[in-house]
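Here's the structure we're looking at; comments come further down.
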């Protein structure tokens, strides 16, 4: 992506395959991406697009029927895909790259006390005494907003609300001061008011600790809230990426257009919501051309024949669609996209007005 | 205005477990008009689902009445009336993965209600009714012989809706019908529910936590918090002039797909202790025409001047 800064993590031509009932499916179909230190990078896509599989490869957590026949993931001068032993992965997973999962009920052990679940991680990775670990754990609990941490230290997870549990999961993920925090749908199981608080918390912690955040989500509202940059995934590929403003106010890929169009927020009440016709293609067979073509009303002949390359829109904004080829006819984007463009322009003008 | 199709008055639902009891819903009243989509919005544990389940008689009402088309349907009712309620009020559940019998064919699932109430003369009529329901939700006749696991999440929710339609109800309680679905599939199901409403004059009690969906779908919205209604208004009115601090905090928390606005927004956190209800208890008051809020007289005066 941009080459202004040395990336903290760099993925090149990654392919991931899974063996399912003696057939093989390709979950990730050649993805490259660079993560810039300190940024918040959001990956958007529907279920089955491969967004969770992609980030699982960063921590060596692919299911046992998965394999990576191609690609590199460079982090701290090493190719993570060359790590074989569990021990090598343990130096990365939870220590340098941590993950916060969707459902705090399933990521905490219901039989162990909250405090123990935090100190366990600290003792394991940092070789500290138990009193020292306890001190750090209490500090972390306070940091993630648990009031009277000392009192709640010996509680069990069931004594915590959903939002508080997710705060504990975040505390555990940060226990070893990771350089990268992967948030896999961290707020999907939570109420909106709690969701907003958790997003604010992660942002505040990121300022304090300076880690780089990857968000995986299907919620474009959450993306707008947290992201500096966004990648849109479809059928195992990134189809468009750019700064959050570029993706929302000037999207170029018809799949991104379709996603924005299906949002009820941008719809007129008296008109039916835009629904993307059809279903994503099966990943068990090779996909010819653009995977989105059969559902894409802007598809041209070439979309069914040849896979499009990435076309550059700006130095930070790229989209993988033939519509950006100079030979393609001008496409008239859907109303929701025009609304977003107008909003972007309006915000720009307001800013220009304010700075005068 | 004509009489409401559903009328809930002073509803209370208490759950008992041995000596312990928990009141999930307290003093809830609202009317739903014929052909209307009425939304109940609240967070988990607020009691919104309990209200929906009280309407379809899964959770008995401890206090208060529920009337449907003028007949009282809460409390002890005759077997006949019970049958009538089941035929006329149907429910769609949140998770289409969990609410379909995995071992039954779609044909059986859709006709189960028909079997239970002998709603067909002969096999031909039953199959006709099943095919009609399937085609109404955009599925094909050939789907009838298949099993739920052969369908995607969106298609499964369509099967749930087909099962409901086969009963030809007048009123549908939809409990988070699209929360478990992907963004692009949500649109399909919402459109379908709307089309059916237009074609058949259905009324909905739509239970949801997602305000963006509710804003698109509902005619009126009631906001519920910890078992009590806090505010009720027409959809646009509620979004333009939210009065209760809880409604305002809920609206401020909804993420909007507009990065500049979303990044600049200030989150409002609702603190129930801000109400001073020691001296004067709150009441259900109409501040603007059709716009109700729970407030005491001091708050009511404040709310009335909130949007000059």
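Data overview
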{"quantity": "Elements of type strands (runs of 3 or more DSSP E) in segment B:165-233, at least 3 residues being at positive phi", "calculated": "none"}
{"quantity": "Any chance residue B:150 is at positive phi and within 14 Å of chain A (Cβ to nearest Cβ)", "calculated": "no"}
{"quantity": "Top-ranked residue in segment B:257-304 [being surrounded by 17 or more Cβ atoms within 10 Å (Cβ to Cβ) and free of Cβ contacts under 8 Å to residues at least 12 places away in the same chain; ranked as farthest from the other protein chains (Cβ to nearest Cβ)]", "calculated": "B:258"}
{"quantity": "Residues satisfying the stated conditions in segment B:199-217, i.e. within 19 Å of residue B:253 (Cβ to Cβ) and either modelled with pLDDT of 95 or more or more than 10 Å from chain A (Cβ to nearest Cβ) (or both)", "calculated": "B:207, B:208"}
{"quantity": "Positions within segment A:203-223 being in a helix (DSSP H, G or I) and within 19 Å of residue B:261 (Cα to Cα), in sequence order", "calculated": "A:203, A:204, A:220, A:221, A:222, A:223"}
{"quantity": "Failed item in (1) in contact with a helix residue (DSSP H, G or I) (Cβ under 7 Å, 6 or more places away or on another chain); (2) crowded, with 19+ Cβ neighbours inside 10 Å, with residue A:83 passing the rest", "calculated": "(2)"}
{"quantity": "Residue match in segment A:43-65 (condition: at positive phi and in a strand (DSSP E or B))", "calculated": "no"}
{"quantity": "The listed residue being over 28 Å from residue B:151 (Cα atoms), part of a helix (DSSP H, G or I), within 13 Å of another protein chain (Cβ to nearest Cβ) and over 23 Å from the mean Cα position of the chain (by Cα), out of A:270, A:348", "calculated": "A:348"}
{"quantity": "Test for residue A:242: is it facing another protein chain (nearest Cβ under 7 Å) and modelled with pLDDT of 90 or more", "calculated": "no"}
{"quantity": "Total residues in segment B:240-256, condition more than 7 Å from every other protein chain (Cβ to nearest Cβ), under 30 Å from residue A:258 (Cα atoms) and either at pLDDT below 90 or crowded, with 16+ Cβ neighbours inside 10 Å (or both)", "calculated": "2"}
{"quantity": "Search result, residues across segment A:103-134 that are part of a loop (DSSP other than H, G, I, E, B) and surrounded by fewer than 19 Cβ atoms within 10 Å (Cβ to Cβ)", "calculated": "A:103, A:109, A:110, A:111, A:112, A:113, A:127, A:128, A:129"}
{"quantity": "Residue within segment A:276-298 that is within 9 Å of chain B (Cβ to nearest Cβ), crowded, with 21+ Cβ neighbours inside 10 Å and in a helix (DSSP H, G or I) present", "calculated": "no"}
{"quantity": "Total residues in segment B:89-128, condition exposed (fewer than 15 other Cβ atoms within 10 Å of the Cβ) and under 22 Å from the mean Cα position of the chain (by Cα)", "calculated": "2"}
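This table checks each residue for (1) in contact (Cβ under 8 Å) with a residue 40 or more places away in the chain; (2) in contact with a strand residue (DSSP E or B) (Cβ under 6 Å, 6 or more places away or on another chain).
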residue	(1), (2)
A:307	no, no
A:319	yes, yes
A:331	yes, no
A:343	yes, no
A:346	no, no
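The values are calculated or read from the model by the stated rules, or taken from the named source; none is laboratory data. This one's a predicted model, so the numbers in the text were calculated from it and none came from an experiment. Positions of Cβ are generated from backbone atoms using ideal geometry, with glycine treated the same way; all protein chains shown enter the neighbour counts.
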